[in-house]
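Enquirer: After the structure tokens below, expect a handful of questions from me.
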Amino acid sequence: MGKEPSGEFEYSRGLEGVSAAISAMSRIDGDDGILIYRGIPIEIMAENSTFEEATYFLLFGNLPNKKELDDFTTEMKEYRKLTSEEIEWIKNFPKGGHPMDALKTCVSYMGMEEPPPPGEKQTLRGFTKNGKKIIARLPSFVAAFDRARNGKEILQPDNSLPHAANFLYMLHGEKPDEESAKILDLAFILHADHGMNASTFSTYVTSSTLSDIYSSIITGIGTLRGPLHGGANERVVAMLQQIGSPENAEDYIMKAIKEHKKIMGFGHRVYKAYDPRAKILKDYAKNLAGKEESKLVETAIKVEEIMMREVSKKGIFPNVDFYSGFAYKAIGIPTDLFTPIFAVSRVSGWVGHCIEYRQQNRIFRPRAIYNGPIDVEYTPMDERE
Ligand code: CMC
């Protein structure tokens, strides 16, 4: 309990154990390692669904019938297309910029192309429509930026392809094989929503001021980028490359534990058991790994073994970021696009939560416990030391 001149209130570091909203979208049972989307276990969604269907489900609350899914898919395909202004703009981005910065900038530009009416004047329908546009166009932005920075022609979407396969087409310039499209679709489903995670919370905060959905999503992208959240997947691969081989894992990990360093891809605020998404991705990683990746996968499995032996008793297990990078690597995605791909998936959750919260909106306005001095005298400049 903190004390301030104006009253007393609870303080929870990092808001641990605090519920900030009521949501019917996804639930994590951290003790047993269970994740559900609107009641359906993630394993069932992964096996049977598609990103388009999962997005519809998260946004609107029901599994779509055929017509609903067809209409939704058609609408999303319309929104994928890049405007000629967007293409020109992306071509001029600094080539060395991080793709997460490019993504924020693109969403901002998109919001300026068709400015939504101010907060209270925008209908829920208009808000939702803008959200759908962002979900549909994010992959086009990521692919366009990657091609532009590599001096390649920016491609428009191929509307004969589903969402994930089209992203790979726009990135690589050729239609992907079935397996690559499937694994990316699976990764998109697995990352689409995850309760009140940091980036989702930040989109709530922005949206709660009745700001527009573009601003909310930009906030989410910025929050996701950090290494404690979505940025961990990039660092997992870098760490494994540094370890180099399974034989080096013991010394590396034991030294890191001794020095109280965090091992990327492990630990979670909510899961105190194995993250179910990591379990699914681990199986894929093992099967997919080509020659180059298989050494990394072997190293990862050794790292996991040591971590399980040393820290699983503290509730630290692999999280989704530990194995996702292998899937992306195996389908030819550059390392610095791993976190943007997380954003391309999580955007469904961000938009869904913003829509949901708009209907129960109250501005977020927590307190800070002031621990500075009070009644300090103002010292004129010429009397200061
Ligand atoms: N490696 C080693 N020790 C760890 C790790 C780790 N990855 N994660 C937590 N711990 C230890 C930590 O040192 C602390 O130990 P002690 O109590 O002895 O000081 C204890 O576990 C609690 O850690 P915390 O940092 O207070 O836990 P948190 O709930 O604030 O943080 C986390 C959760 C995910 C930020 C943290 O586990 C972490 O930094 N992990 C590495 C980064 C990572 O993989 N992030 C991706 C998260 S999953 C994808 C997503 O949703 O973004």
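The values are calculated or read from the model by the stated rules, or taken from the named source; none is laboratory data. A quick note: this is a predicted structure, and the numbers were derived from the prediction, not measured. Using ideal geometry, Cβ is built from the backbone for each residue, glycine included, and neighbour counts are taken over all protein chains shown. All accessible areas refer to the heavy atoms of the entire protein, side chains included, with ligands and DNA or RNA removed. Shrake-Rupley method; radii C 1.70, N 1.55, O 1.52, S 1.80 Å.
Enquirer: Residue under question is Gly131, and the condition is that it be assigned to a helix (DSSP H, G or I) and either under 17 Å from Val351 (Cα atoms) or in the same structural domain as Ala144 (by TED's automatic domain parsing) (or both); does it hold?
Expert: Here the answer is yes, as Gly131 does meet what is asked.
Enquirer: Can you give me the number of residues within segment 44-86 that are in contact (Cβ under 8 Å) with a residue 24 or more places away in the chain, touching a Pro at 6+ places or on another chain (Cβ under 9 Å), among the charged types (D, E, K, R) and buried (at least 16 other Cβ atoms within 10 Å of the Cβ)?
Expert: So the count comes out to 3.
Enquirer: Could you tell me whether Gly195 is farther than 20 Å from Phe141 by Cβ, touching a residue at least 60 places away in the same chain (Cβ under 8 Å) and either out of contact with any Phe, Trp or Tyr (no Cβ under 8 Å at 6 or more places or on another chain) or not aliphatic (A, V, I, L, M) (or both)?
Expert: Answer is yes for this residue.
Enquirer: Among the numbered criteria (1) over 24 Å from Tyr357 (Cα atoms); (2) surrounded by 12 or more Cβ atoms within 10 Å (Cβ to Cβ); (3) modelled with pLDDT of 95 or more, which one does Asn92 miss?
Expert: Asn92 satisfies every listed condition except (2).
Enquirer: Continuing with this model, one more query. Please determine, by comparing only the residues of segment 324-360 that are polar (S, T, N, Q) and under 9 Å from the mean Cα position of the chain (by Cα), which one is farthest from the ligand (Cβ to nearest atom).
Expert: Ser345
Enquirer: So which residues in segment 212-257 are in a loop (DSSP other than H, G, I, E, B), more than 12 Å from the ligand (Cβ to nearest atom) and open to solvent by 30 Å² or more (accessible area, probe 1.4 Å)?
Expert: Selection gives Asp212, Gly244.
Enquirer: Here's another thing I want to ask about it. Count, please, the residues in segment 16-43 that happen to be under 19 Å from Ala273 (Cβ atoms), open to solvent by 80 Å² or more (accessible area, probe 1.4 Å) and in a loop (DSSP other than H, G, I, E, B).
Expert: Total meeting the criteria: 4.
Condition check ((1) assigned by TED's automatic domain parsing to the domain that holds Val270; (2) within 28 Å of Ala278 (Cα to Cα); (3) open to solvent by 30 Å² or more (accessible area, probe 1.4 Å)) across all residues:
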residue: Ala148; (1), (2), (3): no, no, no
residue: Lys152; (1), (2), (3): no, no, yes
residue: Leu161; (1), (2), (3): no, yes, no
residue: His172; (1), (2), (3): no, yes, yes
residue: Asp177; (1), (2), (3): no, yes, yes
residue: His194; (1), (2), (3): no, yes, no
residue: Asn197; (1), (2), (3): no, yes, no
residue: Tyr204; (1), (2), (3): no, yes, no
